[in-house]
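Read through the structure below, which is laid out as structure tokens, and then see the notes.
The values are calculated or read from the model by the stated rules, or taken from the named source; none is laboratory data. Predicted model, so just to flag it, every value in this text is computed and none were measured. Heads up, the Cβs are rebuilt from the backbone with ideal geometry, glycines too, and the neighbour counts pull from every protein chain shown.
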Amino acid sequence: MKTQYYTATSLDGFIATEDDSLDWLFPLGDINDTSYPDFIAQVGALAMGSATYLWMVRHAEKVAEQTGAAWPYAQPTWVFSSRTLPAIPGADLRFVQGDARPVHAEMVRAAGSKNVWVVGGGDIAGQFFDAALLDEAIIQVASVTLGKGKQLFPRRVTSPPWKLISARQVGTGFAELHYELPTRAAASAA
């Protein structure tokens, strides 16, 4: 069981535009050409921030066209937010706030032998990292630049560095990078 941050980013390190748009991402390739189908099959629980969740709410119709449902995940999802958010009918959602550690413990129990996916955004992934809960990052780097927007990982991480496990080309628009993050013990000591 691992806790993984799986996302796509622009070359200059942004996962969305300033207004949370992902329109730059979709024309670049087919998700089925990436590791996503195998990845999602191993996920037992998800975590996301309010901006990511609200993107899903705003684009429920588009998501339904592509996946057959307004909420494409069968797994329970924990949404971190300090405000009240609308629920998506039929989705297994738990709205939470505060420290990621107790929530992560719940997620691990719910996931069983499967992985926990930190969907995003970057700040939620950073909170899991800060709490020494993040084991891996799988990042698809897109062949575009955005200039500004929502950062991939708004943290300074220099020591110990992340360990690159693999790198592979995905179509003509992406490089998929798979990193092992410092062990929880090493991250706690640093």
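Residue-wise test of (1) touching a strand residue (DSSP E or B) at 6+ places or on another chain (Cβ under 7 Å); (2) modelled with pLDDT of 95 or more; (3) among the hydrophobic types (A, V, I, L, M, F, W, C).
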| residue | (1), (2), (3) |
| --- | --- |
| TYR6 | yes, yes, no |
| SER10 | yes, yes, no |
| TRP24 | no, no, yes |
| LEU28 | yes, no, yes |
| ASN32 | no, no, no |
| SER35 | yes, no, no |
| ALA41 | no, yes, yes |
| THR52 | yes, no, no |
Query raised in the report: Checking VAL118 against (1) assigned to a loop (DSSP other than H, G, I, E, B); (2) out of contact with any Lys or Arg (no Cβ under 9 Å at 6 or more places or on another chain), which test does it fail?
Result: (1)
Report summary line: Here the residues within region 16-61 that are of a type in the set (S, T, N, Q) and crowded, with 19+ Cβ neighbours inside 10 Å are THR34, THR52
Query raised in the report: What number of residues in region 161-176 are among the hydrophobic types (A, V, I, L, M, F, W, C), surrounded by 14 or more Cβ atoms within 10 Å (Cβ to Cβ) and more than 16 Å from THR3 (Cα to Cα)?
Result: 3
Report task. Tell me, yes or no, whether region 126-142 has at least one residue that is touching an Asp or Glu at 6+ places or on another chain (Cβ under 9 Å), of a type in the set (Phe, Trp, Tyr) and not in a strand (DSSP E or B). Result -> no
Query raised in the report: Taking only pairs six or more apart or across chains, which ones have beta-carbon atoms under 7 Å, a first residue in region 169-190 that is at negative phi, and a second residue that is acidic (Asp, Glu) and modelled with pLDDT under 90?
Result: VAL170/ASP33
Query raised in the report: Taking region 3-41, which residues are among the hydrophobic types (A, V, I, L, M, F, W, C), assigned to a helix (DSSP H, G or I) and under 14 Å from the mean Cα position of the chain (by Cα)?
Result: PHE39, ILE40
Query - Members of region 67-93 that are surrounded by 15 or more Cβ atoms within 10 Å (Cβ to Cβ) and either small (Gly, Ala, Ser) or not in a loop (DSSP other than H, G, I, E, B) (or both) - result: ALA70, THR77, TRP78, VAL79, PHE80, SER81, ALA91, LEU93
Query raised in the report: Condition test on ALA142, is it modelled with pLDDT of 95 or more and over 15 Å from the mean Cα position of the chain (by Cα)?
Result: yes
